[in-house]
Amino acid sequence: MQQSSWFTPEGLEDLLPPQAQKLEFYRRKLIDGFHLSGYDLVLPPIAEFTDSLLTGTGLHRATDTCRFTDQESGRMMGVRSDMTPQVARIVSNRLKASEGISRLCYVGEVLKTRNNKAKGSRSPIQVGAELFGHQGVESDIEVIELMLESLSLISLPQLQLSLGHVGVVDELMSLANLSEEQQADLLDILKRKAIPEYQEWLAKTDMSAQIHTVFSGMLDLVGDAQTVISEAKKLFSGLESSVLDSALGHLEQIVSHILTTQDVSIHLDLADIRGYHYHTGVIFGCYSTGRQLQLIAKGGRYDGIGADFGMSLPATGFSLDLRTALDLLEPVEEIVKGRVYAPVSADMALKARVAELKNEGYQVISAYDGESVEEGAANLVFESGQWIVK
């Protein structure tokens, strides 16, 4: 009879063979790919003091963070719910990378306080790459290409790139002179994509006729990236905003580059405010459009990272949950040459032969009795003064 105490909490699950081996196989492929692109691996601790964990970029993760009192110091600690703030702490406080570009990658399990079935496991395996110290469009392009190439490396099917820019909505709110309350209402509506509420909000909000026209057409700025940029230029043409011009120019360069170098469709939504209080510029995500549309990886620019650690840096990066993506990945083929059973014996010659077989890529399993050996399997046997495989 199973004991209920043996069950894991909802949203926390074991990975059994062969899923665990599959995850490890693809984890290695991703990290090796990052390394070949110049990204150095860092491994932050699973928990640390909340003073640093929930500082700066980590503030928006406060409700997701499991906390406890450290029995050594008496201070409050937290289990990470996102690794990006930890990487920011490392680059700002440990590496002290004040000049030049730093490229770091990471992998590890994170924990969230609540289970959200729509977003996958409560304990994702987060894999990501971050680039610090460069503010131009070139670094955004580099990270987006790295994301796409990484997903292609692990053979995810039918990818679609999604782009946005939080600076567009931010600048339009500024041009409309919206109050803090009006901004909060608008952001909440855009976050939920509540179109009827948006029309009601627009009808009751006082703004100039020109700005009203722009807000009226903003929700239509979604679809094929090149088409959306062209329509946005027309819609924003009379606003004389260097911020909007810069945002569209930035997106146009990214789209042109990616369409030239990558075989992927690009979707653009200029009303997307995902991560508005965290990101500072372009935002992006990658979807698998196979059996169903599923977000696989996401990221964006978040300049000012590390400011609370005494070093403000421009930054851009992305991450993905490898546990959630696992079902979309192809099964891993057996990577060993074969399986050989060996007796348990205090014999140095046997030990040497076992080591030799393992170095050649064979899986060598200890056999205690005849019942534990597969029928027809290869065995190490002692014949004519030496151990041979039969």
Every residue from segment 174-184 that is crowded, with 17+ Cβ neighbours inside 10 Å and either assigned to a helix (DSSP H, G or I) or in contact with a strand residue (DSSP E or B) (Cβ under 6 Å, 6 or more places away or on another chain) (or both): Leu175, Gln182
Just for segment 284-298: of the residues that are open to solvent by 10 Å² or more (accessible area, probe 1.4 Å) and not hydrophobic (A, V, I, L, M, F, W, C), which one is farthest from Leu270 (Cα to Cα)? Arg291
State yes or no: is Thr63 open to solvent by 30 Å² or more (accessible area, probe 1.4 Å) and closer than 30 Å to Glu334 by Cβ? no
How about segment 228-268: which of its residues are exposed (fewer than 14 other Cβ atoms within 10 Å of the Cβ), free of Cβ contacts under 8 Å to residues at least 24 places away in the same chain and within 26 Å of Leu151 (Cα to Cα)? Thr260, Asp263
Out of all the residues in segment 192-200, is one or more of a type outside the set (A, V, I, L, M), surrounded by fewer than 13 Cβ atoms within 10 Å (Cβ to Cβ), part of a helix (DSSP H, G or I) and under 27 Å from the mean Cα position of the chain (by Cα)? yes
Could you grab me the full set of residues in segment 82-110 that are open to solvent by 40 Å² or more (accessible area, probe 1.4 Å) and without any contact (Cβ under 8 Å) to a residue 60 or more places away in the chain? Arg94, Leu95, Glu99, Gly100, Ile101
Residues of segment 346-366 satisfying the condition of being of a type in the set (Gly, Ala, Ser) and surrounded by 12 or more Cβ atoms within 10 Å (Cβ to Cβ): Ala349
Please list, ordered by first then second residue, the pairs with beta carbon atoms under 9 Å, 6 or more apart or interchain, first in segment 151-175 and under 28 Å from Gly238 (Cβ atoms) and touching a residue at least 24 places away in the same chain (Cβ under 8 Å), second of a type in the set (Lys, Arg) and open to solvent by 30 Å² or more (accessible area, probe 1.4 Å). Gly164/Arg274; Val166/Arg274
Only one of (1) on the phi > 0 side of the Ramachandran plot; (2) surrounded by 14 or more Cβ atoms within 10 Å (Cβ to Cβ) does not apply to Gly74, and that is (2)
Filter result for Ile154 (buried (at least 18 other Cβ atoms within 10 Å of the Cβ) and touching a Lys or Arg at 6+ places or on another chain (Cβ under 7 Å)): yes
For segment 86-100, does any single residue satisfy the condition of being at pLDDT below 95 and in contact with a Lys or Arg (Cβ under 9 Å, 6 or more places away or on another chain)? yes
Subset of segment 13-37 (residues that are touching a residue at least 12 places away in the same chain (Cβ under 8 Å) and open to solvent by 40 Å² or more (accessible area, probe 1.4 Å)): Glu13, Leu15, Pro18, Gln19, Gln21, Phe25, Arg27, Lys29, His35, Ser37
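The values are calculated or read from the model by the stated rules, or taken from the named source; none is laboratory data. Keep in mind it's a predicted model, so treat the numbers as computed, not measured. Methodologically, a virtual Cβ is constructed for each residue, glycine included, from the backbone with ideal geometry; neighbour enumeration extends over all protein chains shown. For the accessible areas, the whole protein counts, side chains as well, though only heavy atoms, and no ligand, DNA or RNA atoms are used. Shrake-Rupley method; radii C 1.70, N 1.55, O 1.52, S 1.80 Å.
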